[in-house]
Number of protein chains: 2
Amino acid sequence: MTSKKIPRATAKRLPIYYRYLNILLDANKHRVSSTELSQAVQVDSATIRRDFSYFGELGKRGYGYDVEDLLNFFKEILNQDKLTNAALIGVGNLGHALLNFNFHKNSNVRISAAFDVNDSIINTVQSGVPIYSVDDLDQQLRDQQIDVVILSVPSETAQAVTDQIVKVGVRGILNFTPLRLGVPKDVRVQNVDLTNELQTLIYFIDHYNANDEQA
Amino acid sequence: MTSKKIPRATAKRLPIYYRYLNILLDANKHRVSSTELSQAVQVDSATIRRDFSYFGELGKRGYGYDVEDLLNFFKEILNQDKLTNAALIGVGNLGHALLNFNFHKNSNVRISAAFDVNDSIINTVQSGVPIYSVDDLDQQLRDQQIDVVILSVPSETAQAVTDQIVKVGVRGILNFTPLRLGVPKDVRVQNVDLTNELQTLIYFIDHYNANDEQA
């Protein structure tokens, strides 16, 4: 089942479904209709049914979905039982916040190492995460078998750091720098460009009737 | 020209072009080919030419683009001369980082007010931004004519705060909570769900050959 290819748009929605189902279960809710689900995750119910259809018969007509069944199902799909260790490179303002940010709540990702050039924080532990010198980057990534990196370094060094970590075998980068990184074809980059998000928002409210086709 | 409708995908790329052109000009570069531009922003050159074509003849065959001309042009499109004041609601870990985060560099957005429930920071100034009590939210948003909000409150209060600020006239929300917000049709929400980004990244590197069709 894990080798089955599903559309990317569907894949992107899976963590959203998963998170919401967790919230439902926490609230002791054991059954959800596709309409309720639709309203909560802001995805129309036809799309939800289509998404779920890739995984076979998940709901029952007139009953809706069993929350726990769905959750167990998505947990398997999303490898939620497998803990992924990620490294954070660049512990400035944003990096600090990301260390504090509770990725681990409702997800199976944990920042297990952070790297910086600042001597005053190297060899300290921040929010439970050890900070290493970037000089130890290659060795630590290899030793800890980390293949996912959260990148929050200054733009000027972003590409050089990327080249370095790709060589060590990193396969996924969550890129918080405004730079568009050049990477080999087998490395995945997910861009989170906060200034860009804000500018796009403002552009859209100035030029479009919002919501007629939201991303 | 500002009323001309361009495709949303194009609109989303405009800030990226704008930012890169600024970097070029800072580096004293006055001319750029579509190939160079393509490599830097990681958008294929056919797409760039198509994007630019919505705005008329911007480049010259065999010369490329004049950086300053392009920059002035995009500045106008993106209303870069008009400063937009935004409010930040929720000054926790992530909120603090967003206050420190330099949105203003290479953008015309400024956080001019922040709101929280925490008495120990209310009426203080953090990173140059005054922190108000959420009790003053309605009045401050009205007085300062703020229609863009950065939302980094706990999930549990996100919808209630949204309902409140929409009533006061907020038209755009940069949503850092994992909650999908319900808003009227004329309000635009841009979601930045960090846990989701990281989970999607991991899902993709586990299930796809990265990069064969990146978002």
Which residues in segment B:160-200 place their backbone N less than 14 Å from a point set 7 Å from the Cα of A:Lys29 along the Cα-to-Cβ direction?
-> B:179-182
If you plug each phi of segment A:181-190 into the Karplus form 6.51 cos²θ - 1.76 cosθ + 1.60 with θ = phi - 60°, what whole-Hz ³J(HN,Hα) values come out, in order, with x for Gly and Pro?
-> 7, x, 9, x, 4, 8, 10, 9, 10, 10
Between B:Asn85 and A:Ala46, the two model label points (7 Å from Cα along the beta-carbon direction) sit apart by a distance in nm of 4.4 nm
Given unit charges at Cβ for Lys, Arg (+) and Asp, Glu (-), the dipole magnitude of the protein assembly as shown about its Cα centre in debye, nearest 20, is 1300 debye
Placing a label point 7 Å from Cα toward Cβ, how far apart in nm is A:Gly62 from its equivalents in the other copies, listed shortest first to one decimal?
-> 7.6
Any idea what the B:Lys75 label distances to the other copies are, label 7 Å down the Cα→Cβ vector, nm, shortest first?
-> 5.6
By count of other Cβ within 10 Å, fewest leading, how are B:Asp26, B:Asp147 ordered?
-> B:Asp26, B:Asp147
In the structure displayed, which of A:Lys75/B:Lys185; A:Lys82/A:Lys167; A:Lys29/A:Lys75; A:Lys12/A:Lys82; A:Lys12/A:Lys167 lie more than 22 Å apart, Cα to Cα?
-> A:Lys75/B:Lys185; A:Lys82/A:Lys167; A:Lys12/A:Lys167
Going toward the positive end of the dipole of the protein assembly as shown, with +1 on Lys and Arg Cβ and -1 on Asp and Glu Cβ, which of B:Ile173, B:Phe103, B:Gln140 do you reach last?
-> B:Ile173
Chain B - percent relative contact order, Cα under 8 Å, separation 6 or more = 13 percent
Axis proximity, chain A to B: residue whose C-beta lies nearest, plus whole-Å distance = A:Ala97, 2
Report, for A:Gln42, each distance to the same residue's label point in the other copies, shortest first and in nm; define the point 7 Å along Cα→Cβ.
-> 2.4
Please go through segment A:106-215 and write out the trypsin sites (Lys or Arg not before Pro) that DSSP classes as loop and that have at most 11 other C-beta atoms within 10 Å.
-> A:Lys185
Cα gyration tensor shape for segment A:8-77, rounded if a/c is under 1.5, else prolate or oblate | rounded
For labels at A:Val125 and A:Asn100 in the simple 7 Å Cα→Cβ model, what's the distance in nm?
-> 1.9 nm
Would you calculate a helix-derived [θ] at 222 nm for chain B, using -39,500 (n - 2.57) for each DSSP H run of n ≥ 4 and dividing by the full residue count, to the nearest 500?
-> -13000 deg cm²/dmol
Report, for the protein assembly as shown, the % of DSSP beta bridges that are antiparallel, rounded to 5.
-> 20 percent
Other-chain or far-sequence residues with amide H under 5 Å of B:Arg31's (modelled H) | B:Val67
Per its Cα gyration tensor (rounded if a/c is under 1.5, else prolate when a/b beats b/c, else oblate), segment A:84-196 is best filed as rounded
Cβ-derived FRET efficiency at R0 25 Å, A:Gln39 paired with B:Glu156, nearest 0.05 = 0.90
Can you list residues whose amide H is under 5 Å from B:Tyr132's amide H, if they're 5+ apart or on another chain and H is modeled 1.01 Å from N?
-> B:Ala114, B:Phe115, B:Asp116, B:Asn123
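A short reminder: the numbers here are calculations on the coordinates, not readings from a lab. Everything quoted here is computed from the prediction, not taken from an experiment. Every residue, glycine among them, receives a Cβ derived from its backbone with ideal geometry; neighbour counts consider all protein chains shown.
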